[in-house]
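For reference, the structure discussed in these notes is given below.
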Amino acid sequence: MLLAGAAGCTSDDDSADGGSDTVVIAADLNNSSAVDTAYARALQLRIEQINASGQLGERKLELRTQDNRNDPTSSLRNISTFADDPRVAAVVTGTCDQCVVGAAKTINDKTIPTIALAASDEVTNPVTERQYVFKLGPNSADSAAALVTEFNRARYKKIAVLHTNDLYGRGASAALTDALQGGTIAVTATRAVKPAASDIAQSVGTLTDTEPDALVVLTPPDLAQQAAIDARAADFRGRMYFDSAAASDLFIPRGAASATANATMVFTQILAIDDVIATTPAKSSRKQWFRDYTSRYGSYSGVASFAADAADLIADAVARVGADRPRIREIIETSQVDGLSGPIRLTPDNHSGLMPQALTLLVARSGRWRLAS
């Protein structure tokens, strides 16, 4: 369940513009998703930190969340309701990529700046149809490029690919295929599984039967961990690689720790922040954020930094132009910051701004993620 305190309450006595002092960041999230729960926690914590910092002057940010149940129709209703409230300056959306794609026209028509935290690149493409939609999180092409570079370094000849049969999974698989073009690495087999699948052993077994050098898993965290367990049960002795959508908690669940040992994942440094030396202000800020989140919630979720960066981008715009939505959109569209996730560079032609330099390779060791080198 999302934290009860994450859904900020606005008094009915407030004026239509929130008395100009309270500005709402709304969040359309799936209450049953562990990833979206991490987003809610990160948004609440970061908003509290922003308010305490005084950077907004007399203004204060407030978080308001609604459950979309991973349903595009519910999500559209939530976003429409948010957009109709003048106190809402911007919306943050969670893991449901189809929700954002389905609401894109409404988001544009109602001119409500929206930062999506979904994995699919389609949430911001084509940009001409997503003028009010932005994305924070790794791009599939960047994750694929990092994986292929590692495959070439390891001199692999054959890989097999497991992906989810949804917007993100199909896009990630296509990006990997593009990245492999012109190279010497062959794909022995590809299998797609439903995002909510409870049994993927047969699909995994079909892939491992082709005896690839590496099994590439392009799925959310739960399925990635299950794929590792099923692959080891099938006596697969090759290496396993996850793209960034598999990232979740700092510590890998005990039931999957052995199976994922030495698995490699493309992600930001935040899950291995203990290995990072604070040589710049940005790195110091990331280490402090990691400590703050862990202190509040007891452990760290790798995706939390994306939600915190979304709050920071919105807060920066609110500090400059208040709740003026078109101007907030313009500011976000040209934001260039060293965020908690890494360098973010948004432009009118690129609404998905996490730079490739933010990504690195992490290796699972002793039940947690470490820098590969």
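Here is how the numbers come out for the structure above:
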{"item": "Cross-chain or 6+ apart pairs with Cβ under 6 Å, region 306-328 first and part of a loop (DSSP other than H, G, I, E, B), then surrounded by 21 or more Cβ atoms within 10 Å (Cβ to Cβ)", "result": "Ala323/Val23; Ala323/Ala89"}
{"item": "Residue within region 66-83 that is under 16 Å from Ala315 (Cβ atoms) and touching a residue at least 40 places away in the same chain (Cβ under 8 Å) present", "result": "no"}
{"item": "Complete set of residues in region 147-162 that are in contact (Cβ under 8 Å) with a residue 12 or more places away in the chain, open to solvent by 20 Å² or more (accessible area, probe 1.4 Å) and not small (Gly, Ala, Ser)", "result": "Glu150, Asn152, Tyr156, Lys157, Lys158"}
{"item": "Yes/no for Ser248 being modelled with pLDDT under 95, of a type outside the set (A, V, I, L, M) and within 28 Å of Leu176 (Cβ to Cβ)", "result": "yes"}
{"item": "Check on Ala144, free of Cβ contacts under 8 Å to residues at least 40 places away in the same chain, out of contact with any strand residue (DSSP E or B) (no Cβ under 6 Å at 6 or more places or on another chain) and open to solvent by less than 10 Å² (accessible area, probe 1.4 Å)", "result": "no"}
{"item": "Residue list for region 290-302, filter: hydroxyl-bearing (Ser, Thr, Tyr) and either open to solvent by 30 Å² or more (accessible area, probe 1.4 Å) or in a helix (DSSP H, G or I) (or both)", "result": "Tyr293, Thr294, Ser295, Tyr297, Ser299"}
{"item": "Members of region 220-248 found to be out of contact with any Pro (no Cβ under 8 Å at 6 or more places or on another chain) and within 26 Å of Asn139 (Cβ to Cβ), listed by number", "result": "Pro221, Asp222, Ala224, Gln226, Ala227, Ala228, Arg239, Met240, Tyr241, Phe242"}
{"item": "Single residue of region 85-117 satisfying the filter (buried (at least 24 other Cβ atoms within 10 Å of the Cβ) and free of Cβ contacts under 8 Å to residues at least 60 places away in the same chain) that is nearest to the chain's Cα centre (by Cα)", "result": "Ala116"}
{"item": "Residues (in contact (Cβ under 8 Å) with a residue 60 or more places away in the chain and touching a Pro at 6+ places or on another chain (Cβ under 6 Å)) located in region 163-205", "result": "Asp166"}
{"item": "Some residue of region 350-359 being more than 30 Å from Asp21 (Cα to Cα), at pLDDT 95 or above, out of contact with any strand residue (DSSP E or B) (no Cβ under 7 Å at 6 or more places or on another chain) and surrounded by 15 or more Cβ atoms within 10 Å (Cβ to Cβ)", "result": "yes"}
{"item": "Unique match (being under 23 Å from the mean Cα position of the chain (by Cα) and of a type outside the set (Ser, Thr, Tyr)) among Ala231, Ala310", "result": "Ala310"}
{"item": "Top-ranked residue of region 119-141 - restricted to ones that are open to solvent by less than 20 Å² (accessible area, probe 1.4 Å) and either over 19 Å from the mean Cα position of the chain (by Cα) or of a type in the set (Gly, Ala, Ser) (or both), ranked as nearest to Tyr241 (Cα to Cα)", "result": "Ser140"}
{"item": "Cβ-Cβ under 9 Å pairs, at least 6 apart or on other chains, region 361-373 side farther than 19 Å from Ala154 by Cα, far side in a loop (DSSP other than H, G, I, E, B) and open to solvent by less than 30 Å² (accessible area, probe 1.4 Å)", "result": "Gly367/Ile252; Gly367/Thr260; Arg368/Leu250; Arg368/Ile252; Trp369/Ala247; Trp369/Leu250; Trp369/Ile252; Trp369/Gly302"}
{"item": "Members of region 101-128 found to be more than 15 Å from Leu167 (Cα to Cα), touching a helix residue (DSSP H, G or I) at 6+ places or on another chain (Cβ under 6 Å) and either acidic (Asp, Glu) or part of a loop (DSSP other than H, G, I, E, B) (or both), listed by number", "result": "Lys110, Thr111, Ile112, Pro113"}
{"item": "Helices (runs of 4 or more DSSP H) contained in region 193-289 and holding at least 1 residues closer than 24 Å to Arg46 by Cβ, out of contact with any Cys (no Cβ under 8 Å at 6 or more places or on another chain) and open to solvent by 10 Å² or more (accessible area, probe 1.4 Å)", "result": "221-233"}
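Conditions tested, residue by residue: (1) modelled with pLDDT of 95 or more; (2) under 21 Å from Ala119 (Cβ atoms); (3) touching a strand residue (DSSP E or B) at 6+ places or on another chain (Cβ under 9 Å); (4) among the small types (Gly, Ala, Ser).
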{"residue": "Arg320", "(1), (2), (3), (4)": "yes, no, no, no"}
{"residue": "Asp324", "(1), (2), (3), (4)": "yes, no, yes, no"}
{"residue": "Gly339", "(1), (2), (3), (4)": "yes, yes, yes, yes"}
{"residue": "Pro343", "(1), (2), (3), (4)": "yes, yes, yes, no"}
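The values are calculated or read from the model by the stated rules, or taken from the named source; none is laboratory data. Keep in mind that what you see is a predicted model, and the values were worked out from it rather than measured. Counting neighbours? That spans all protein chains shown, and the Cβs are built from the backbone with ideal geometry, glycine included. With ligands, DNA and RNA removed, areas are computed over all heavy atoms of the protein, side chains included. Shrake-Rupley method; radii C 1.70, N 1.55, O 1.52, S 1.80 Å.
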